[in-house]
C-alpha cells in the first residue's frame, strides 16, 4: 500500500502548529481599550497587517493599543486647549448653547488632527 504524499505534511503541520503556539506570548494585561485604541487596532489590521501580527505574536497588542489610546486622548486634550486659546469660546455663563457649539467644533478639529497626524501612521 502506497502512502499519500500529504500524510507526511499533515504530521509536519501538527508539529509546526505546536511550536508556533508555544512561542506565542499572550498579553495578560486586560486593560480596557478606548476609542482611539480600537481605531488603531482596525488601522493595523487593515493597513499594517505585519505590524499587527508581530504585536499579537509578541503579546504586546493590548499594551500597544492602550498606550496609543492614552497618547491620542492626551494629544486631543492639548489641542483643544491650544485651539481654545487661539479661538476663544464665548462666555459660557451668558450663552451656554453657543459655548457648547463652539467647543464641539474645537473638539472635532482636534480629533481630525489626532486621527490624521498621529493615529493613522
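Among all positions in the stretch 19-29, there is at least one residue which is more than 12 Å from the chain's Cα centre (by Cα), at pLDDT below 95, within 29 Å of residue 118 (Cβ to Cβ) and surrounded by 14 or more Cβ atoms within 10 Å (Cβ to Cβ). Checking every residue in the stretch 92-101 against the condition of being in contact (Cβ under 8 Å) with a residue 12 or more places away in the chain and out of contact with any strand residue (DSSP E or B) (no Cβ under 9 Å at 6 or more places or on another chain) gives zero matches.
The values are calculated or read from the model by the stated rules, or taken from the named source; none is laboratory data. A quick note: this is a predicted structure, and the numbers were derived from the prediction, not measured. Don't worry about glycine lacking a Cβ; one is built from the backbone with ideal geometry, like all the others, and counts go over all protein chains shown.
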